[in-house]
1. Quick one: order SER117, SER275 from most to least accessible surface, probe 1.4 Å.
2. Please report, in whole Å, how far the alpha carbons of the range 236-384 spread along each principal axis, starting with the longest.
3. Can you sort LEU277, LEU235 by 1.4 Å-probe accessible area, starting with the largest?
4. Using only helices, what value at 222 nm comes out for the chain when you add -39,500 (n - 2.57) per DSSP H run of length 4 or more and divide by the total residues, to the nearest 500 deg cm²/dmol?
5. Which trypsin sites (Lys or Arg not before Pro) in the range 40-121 pass both tests, a DSSP loop state and at most 10 other beta-carbon atoms within 10 Å?
6. Quote the charge dipole size of the chain about the Cα centre in Debye, to the nearest 20; the model charges only the Cβ of Lys and Arg (+1) and of Asp and Glu (-1).
7. Determine the principal axes of the Cα atoms in the range 80-153, then give the extent along each, sorted from largest to smallest and rounded to whole angstroms.
8. Within the accessible area of the range 33-151, what % is carbon and sulfur when the probe is 1.4 Å and the other protein chains stay in place?
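The values are calculated or read from the model by the stated rules, or taken from the named source; none is laboratory data. Just so we're clear, the structure is a prediction, and the values are computed from it rather than from any experiment. Cβ placement follows ideal geometry from the backbone for every residue including glycine, while neighbour counts extend to all protein chains displayed. SASA here: full protein model, heavy atoms, side chains in, ligands and nucleic acids out. Shrake-Rupley method; radii C 1.70, N 1.55, O 1.52, S 1.80 Å.
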Amino acid sequence: MHRTGVVPGMSGIAAKLRRILALMRKEGYQILRDPSSIALGVVMPVMLILLFGFGLSLDIKNVPVAVVVENPSPITASAISGFRLSPYFDAHVMTSMDEAEQLMLARKVDGIIVLQSDFARRLNAGDAKVEVLVHGADANRARIIEAYAEGAIGQYGVQRSAEGRNVAGAAVGIESRLWFNEANDSHYYLVPGLIVLVMTLIGAFLTTMVVAREWERGTLEALFVTPMRTDEFLLGKTLPYFFMGMIGLMLCFLASRFMFGVPFRGSIWLFVAISTLYLLIALGIGLLISSAVKSQFVASQLTMVVTFLPAMMLSGFIFDLRSMPVAVRAITYMLPARYFVALLQTVFLAGNVWSVILPDTAVLAGMVVVLLFLSRRATRKKLA
């Protein structure tokens, strides 16, 4: 102990903390003076979650279809009632197949449902068939429409069977249930992925643009003559934007729960912990890019290519990873967004499923260590 009662080394720690707090204070003032930082950290998350949340949907409703009834009767009217009453179809009933084909060619309808002239007789005989023709330009949409049409036809068969009438294929009723998404709403699946996109943009763009702007203005060179160390610089630079990123995360979480009604079945503390890991990864990527280039324009373009596009295309956010070629699927294992998407979808919809959470969280933690180490080495070379 010194005569002042201060433990040896405490003065060094206090000086380190003062330097970190001073840089954080400086960054805070700069954030308040610079509207672009506030726009990136607070306004952009809200706009993205609203834009993607309301504008992006995999649900198909009010599909225009032509229902061709060659010989109208009470039986055929009952058979097509599923299309008329379903929210998934906008049915246009007609008697001419030629007219329906013209509508299909003009893209005024996406499908044709055909009940042939002998439909009632075949129905009573037990071998009735309904022809379903779907426009196949969009293969994924066509498959969904086809499944909806088969469901509407099958529902009529189940109804006939329940009434004690013979209908081929309707002897066995089907009772189905969607686990983890009882409402059959694609927002349940998409909104957690939207949070990944928002956090990717916030973390990577904030640190990339801010440090690159410092290089362009020449203010970062003033740090070269100070006693500030590399770890102090990294902490002082990233902590203010980390807190901004957490504000953006909370805004996204509130929007997902109360605006889109996505259920949350996991632990809020687990959600915050894994989101913290991913935000640190995004900040680390931004620091690496900013240490490599000193132009805001080049940094923004590189960040878009390295972070946002892979998070959009190769994370499982929209496209099923299992349907991708093996070589592309192997690349996805190197992307942190892949693991964060799986974690958020699990925590939101299924709860604390540790068999998924533990390995994916371990991968994110490893990526944090690697990126922070690389960022420290790259920044040390710049400040040396």
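1. SER117, SER275
2. 48, 38, 27
3. Numbers: LEU277 35, LEU235 80 Å².
If we order LEU277, LEU235 from most to least accessible, we get LEU235, LEU277.
4. Values: 16 runs with 236 residues, N = 384.
Calculated mean residue ellipticity at 222 nm is -20000 deg cm²/dmol.
5. ARG107
6. Values: 34 positive and 26 negative charges, 493 e Å.
Dipole size: approximately 2360 debye.
7. Largest first, the range 80-153 extends 36, 25, 21 Å along its Cα principal axes.
8. That share works out to 56 percent.
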